[in-house]
Every structure is written in structure tokens, then in C-alpha cells.
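Q: Sending over a structure as C-alpha cells; questions will come in a sec.
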Amino acid sequence: MTTPHPLLTAFENAGQGQVFAFFERLGPAGRAKLLEEAGEIDLEELERLHRTLGTGKGGSVDLGGLVPAPYELLPENGGDAAAWARARAAGEAALRAGRVAAFTVAGGQGTRLGYAGPKGTFPVTPVSGHPLFQVFAEKLRAAGARFGRPLHWFIMTSHQNHSATEQFFSEKGFFGLDRSRVHFFRQGRMPAVDFSGKILLEAPDAIALSPDGHGGSLRALSRSGALDLMASEGIDILSYFQVDNPLVRCVDPQFIGWHALRGSQMSSKMVPKAYAEERVGHFCVQRGHLVVVEYSDLPMELQRERDPSGRLRYIAGSIAIHLFDREFIRQMGSRGSGLPFHRADKKIPSIDAAGRLVKPDKPNGIKFEQFVFDALPSARNPVVIETRRSDDFSPVKNAEGNDSPKSCREDQLRQFARWLRAAGVPVGTDATGLPAISLEVSPLFACDEESFAESWARLTPKPRIAEGLCLAP
Ligand code: UTP
């Protein structure tokens, strides 16, 4: 008799022998695949997760000692204009010194949008239909040129979309970026388990694995060698943003400056919530630590609570834009000291004991995910700064309605119209600032009101403001 593969023994000993229930019947390729997937799983971690999160319905979130988080107000809302100016100068100096890299998390499954293909390839701009990745690439090219230091760009993909993402960049000539500065790496995966903690299979030779959440980015940055590369390039600040938000300022000097001047290990942008029930995470302080409490965990009476002036008390909404100190990521990404996992009960297609695929109509198991904002409580000197939503946030999440391709397109149009008007160019808009015509401004032409005014002033002859206007260098 041959000795079983050590992984089979380890899984058997951990009570997870069902993972190899069909092993004997698999061919060499199927066996190799299953062993490779099994090799990714940290059985001890999974056992711990099942013990702490897997029982009951996830438990209630500790809200003890919770108060709204302070944040740096924009000067127009009463913030200290001189401090913002100092922040901007410091951020620009950091960019000129090459201390900053960009980081996009693009490993999500984008189920709500329902678009086939990596979300970053989704056509998003209002006239040219340029994809999300191109918008970021052009913003980074513009920033590299402006500060005299081309930026490194890290892109986290998933197992599902990694090759398609790389291929897309290749086909598009990396959108004019120096390809040696664009780095793709895959995020980790976590197995789904049933309610008794048993790992589910999606096929006889395949474990039900899914991406480990955007918080998995911290361990993936560590594991992939990205942090070492940053260190060797003298980069100590990583600018984190999501793949679905074309409005984001990929590297924002003011934000970087606040982060650097405060010696912060992790900083975040907030927007005042648009209405009490808005579904965003809330920046709060709990027992001296900055935390983000999700809308689903913050009781509605707190979400609706107002201060004596009538303003929402829990007003600071998270828009998933952060800055990280490199060594803080290393610390948070290391085994044992990392982020907590969250439990999500899901309908997970999986095979039964007879090897038949069952598609459940109600949740039959648990997925585990990490959230990047859970790093905040561990960060030294975290800073939250206010930003204008219209300058930083309009994600494409849903196929229709809020945060959809339509709302995002309109927000881009409003921004371009605002820039034109600020430069003294008349553009007809409705009461919400939405122009009557479609137009587009390439990030290579301008990235904000100020750079727009400069580029516009240089432009001769001036184009006619008409349907389909595209301003690019
Ligand atoms: P979302 O929470 O919007 O999830 O991700 P999603 O998977 O993209 O979309 P749905 O929920 O299936 O519709 C926010 C950001 O975090 C990234 C996404 O790519 C997006 O940029 N993300 C999310 C990852 O990189 N990995 C993950 O495991 C989850």
C-alpha cells in the first residue's frame, strides 16, 4: 500500500477528509489541481474561524464606547486653509521624491454590475467609452509627468480575472504607461464551508474557493513581493483605491501631505453622508481607536441621530480611499497579526456526497472575507480628511439606479462641466449641474479645476462647446 499524500492526512486529521472524497476517481490532472487548491488552505486558521465566527449567526457587533470620528474639514466648510496648503506642499514634495505608488484593488467579482470580464475593463467615460483602467492609467501618467517621477502601479486581481486583466493591458499597450512599472498580483482565496465547518467542493476536483476580500490585499501585497519592491524603490506611501470609481484622484497631493505630516500609518477620505440611511461605512472612534462601522451594524437610531445644530452626528461616510505606510502593511499582512475575518452566509453551489452539483435556493454555507478598513484601529496617528464627493467618488456598483453606469456617467459630465464653467466657459446645465451635451476631458488634459484652467488657457484655437466634445492633449 502506498502512503497517502501528506495533505490528505492533514485534511483527514482536521476533520476535512471529505475534500478528498473523490480523489481516487480523479485523473492525474484533477488530483494535481485539487492538491494545489488544498495546499492554499490554512487548516488551523479555518478551524479558528469556524470556532469564532462559524457558530451562531455571526454575533452582534460591539458598539461599546462608540463616538463619531473627528476629521479634517475642507477649508470651505470651516477647515484650516493654511494647514491644507501645508499638506498640499508636503504631498507634492513626496510625489516629487518618488515616495508614492498607486494601488488598485480589482479582485472583486462584480456580481451586482453583472458585466462579463474584469470590472476594470468596463467602458466608463461618457463619450469615448474608455475603460476604468484607462482612466486610472491616464491619471497616473499625468501625475508622473507633473511631478517628474513616473509612478509604480500595483493592481490586485483575483484567480478568476488575473489573466484577462493582464491580457487587456497588453492589448491596449498599457495605455502608454511604462509596463515595467505596472505590477499585477493575485489576491488570496478562502474556502467556503457549510454550517458545520466542512469545506465545500464545487466539483470533485475543485474546492469552493472565493477571493478573501479587499482586506486580503494587505497579505497579498506582502506575499507578492510588492512591499520589497516598494522598499527598494524608496516608496513608503501606497495610495489605495477601488477599481470601480473613475472619479478618484489616484494620487492626491493634499491627502498624501496630511498623511505624511501627521506620521500616519493609514489615512482615509470621508464624505459627509448624503442622507441618514445612506449605505456607507461610518468613521467612528471606539476606546481611542479609529474604526469603520458598516451601515448594517450601526443601529438606525444612531444613523439618524442629529447634533443640536441639526447635523447628522455619524456623518463621516467611508468611500474606500486610503493611504498606507509600507511597513504598516507588512505588519498587518503578516500571519497571525493580520486583519479579522467577517462571515457572510451565502448560497454556494456545491456537490453532494454523490458528486452531484446542488444549486441552493437559500444560504447553505459561509464565506470568509477580510475588509481593508479593519486595519484602521491598529494604525498609529490615523487621519481622516474630508473630500468633495463630486471630486472623488462615483462608483459603478449596480446595473441600474444608484452607483450605476448611468449615475457615474452623469457625475463625470457634471465634473467636466464644472471645470469648464470655472474656466469661464459657458455650458448649459440643469439644476443638478448636468450638462445638456455629452463631453469628456481626458485625465491627460486635466485632472482638476486648476489644471483644467491651465490647459484650457493654452488651447488655441478653442474648440466649440458642442455634443461629443473630447478634450485630450
Ligand atoms: P465590492 O465590495 O464592490 O465587491 O468591492 P465586488 O466583488 O467588486 O462587487 P459585488 O459585490 O460582487 O457586486 C469593492 C472593491 O474591492 C475589490 C473590488 O474589485 C472593488 O474594487 N475587491 C473586493 C477585491 O479586490 N477583492 C475582493 O475579494 C473583494
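The values are calculated or read from the model by the stated rules, or taken from the named source; none is laboratory data. Because the structure is a prediction, the values reported are computed rather than measured. Note: ideal-geometry Cβ built from the backbone for every residue, glycine included; neighbour counts use all protein chains shown.
Q: Output the number of the condition that H152 fails; it satisfies all remaining conditions of (1) under 20 Å from the mean Cα position of the chain (by Cα); (2) within 26 Å of K397 (Cα to Cα); (3) touching a residue at least 12 places away in the same chain (Cβ under 8 Å).
A: Result: H152 passes all but (2).
Q: Same structure again: Here are the criteria: (1) among the basic types (K, R); (2) surrounded by fewer than 17 Cβ atoms within 10 Å (Cβ to Cβ); (3) in a helix (DSSP H, G or I). Tell me which single one R418 does not satisfy.
A: For R418, the exception is condition (2).
Q: Next up: Any residue that is among the aliphatic types (A, V, I, L, M), surrounded by fewer than 20 Cβ atoms within 10 Å (Cβ to Cβ) and modelled with pLDDT of 95 or more - is there at least one of those in the stretch 146-163?
A: Let us first name the residues in the stretch 146-163 that are among the aliphatic types (A, V, I, L, M), namely 151, 155-156.
Imposing the further condition that a residue be surrounded by fewer than 20 Cβ atoms within 10 Å (Cβ to Cβ) reduces the set to none.
Checked the stretch 146-163: no residue is among the aliphatic types (A, V, I, L, M), surrounded by fewer than 20 Cβ atoms within 10 Å (Cβ to Cβ) and modelled with pLDDT of 95 or more.
Q: Checking the condition out of contact with any helix residue (DSSP H, G or I) (no Cβ under 7 Å at 6 or more places or on another chain), over 26 Å from P395 (Cα atoms) and hydrophobic (A, V, I, L, M, F, W, C), which residue from L302, L229 passes? Walk me through how you get there before you give the answer.
A: Numbers: L302 fails: over 26 Å from P395 (Cα atoms).
L229 is the lone residue from the list that is out of contact with any helix residue (DSSP H, G or I) (no Cβ under 7 Å at 6 or more places or on another chain), over 26 Å from P395 (Cα atoms) and hydrophobic (A, V, I, L, M, F, W, C).
Q: When the residues of the stretch 72-92 are filtered to those that are touching a Gly at 6+ places or on another chain (Cβ under 8 Å) and assigned to a helix (DSSP H, G or I), which remaining residue is nearest to the ligand (Cβ to nearest atom)? Give the steps one after another, and end with the answer.
A: To start, the set of residues in the stretch 72-92 that are touching a Gly at 6+ places or on another chain (Cβ under 8 Å) comprises 72-73, 86-92.
When the remaining residues are screened for being assigned to a helix (DSSP H, G or I), the result is 86-92.
Numbers: R86: 31, A87: 26, R88: 27, A89: 31, A90: 28, G91: 23, E92: 27 Å.
For the stretch 72-92, the residue satisfying everything is G91.
Q: Specify the residue that is nearest to F241 (Cα to Cα); the eligible residues are those in the stretch 371-413 that are within 15 Å of the ligand (Cβ to nearest atom) and among the β-branched types (V, I, T).
A: Among those that are within 15 Å of the ligand (Cβ to nearest atom) and among the β-branched types (V, I, T), it is V372.
Q: Further question on the same structure: Return the total of residues in the stretch 15-31 being polar (S, T, N, Q) and part of a helix (DSSP H, G or I). Steps first, please.
A: Within the stretch 15-31, the subset polar (S, T, N, Q) is 16, 18.
Those still in the list that are part of a helix (DSSP H, G or I) too: 18.
The qualifying residues number 1.
Q: Can you name the number of the only condition in (1) surrounded by fewer than 14 Cβ atoms within 10 Å (Cβ to Cβ); (2) more than 26 Å from L323 (Cβ to Cβ); (3) in contact (Cβ under 8 Å) with a residue 40 or more places away in the chain that V67 fails?
A: (2)
Listed here are the residues, each with its yes/no results for (1) without any contact (Cβ under 8 Å) to a residue 24 or more places away in the chain; (2) over 25 Å from P131 (Cα atoms).
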| site | (1), (2) |
| --- | --- |
| F373 | no, yes |
| R389 | no, no |
| G401 | yes, no |
| R414 | no, no |
| F452 | no, no |
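Q: Same structure again: Counting only residues that are more than 16 Å from the ligand (Cβ to nearest atom) and in a strand (DSSP E or B), which one in the stretch 343-370 is surrounded by the fewest Cβ atoms within 10 Å (Cβ to Cβ)? Lay out the reasoning, then the answer.
A: Applying the first criterion (more than 16 Å from the ligand (Cβ to nearest atom)) to the stretch 343-370 yields 350-362, 364-365.
Still in the running and in a strand (DSSP E or B): 350-351, 357-358, 365.
Working: S350: 22, I351: 18, L357: 11, V358: 13, G365: 24.
Among them, the one singled out is L357.
Q: Could you tell me which residue of the stretch 225-235 is farthest from the ligand (Cβ to nearest atom), considering only residues that are assigned to a loop (DSSP other than H, G, I, E, B) and surrounded by fewer than 18 Cβ atoms within 10 Å (Cβ to Cβ)? Spell out how you get there, then give the answer.
A: As a first pass, look at the stretch 225-235 and keep what is assigned to a loop (DSSP other than H, G, I, E, B): 225, 233-235.
Filter again for surrounded by fewer than 18 Cβ atoms within 10 Å (Cβ to Cβ), leaving 225, 233-234.
Working: G225: 18, E233: 23, G234: 26 Å.
In this case the residue turns out to be G234.
Q: Restricting attention to the stretch 104-137, and to residues there that are within 13 Å of the ligand (Cβ to nearest atom) and not in a loop (DSSP other than H, G, I, E, B), which single residue is farthest from T165 (Cα to Cα)?
A: The qualifying residue farthest from T165 (Cα to Cα) is F136.
Q: So M266 clears everything in (1) under 16 Å from I329 (Cα atoms); (2) out of contact with any Pro (no Cβ under 6 Å at 6 or more places or on another chain) except one condition, right? Which one?
A: So M266 meets the others, but not (2).
Q: Please pick out the residue among D178, D205 that is at pLDDT 95 or above, farther than 24 Å from F23 by Cα and surrounded by fewer than 20 Cβ atoms within 10 Å (Cβ to Cβ).
A: On the way: D205 fails: farther than 24 Å from F23 by Cα.
Every option except D178 fails the conditions.
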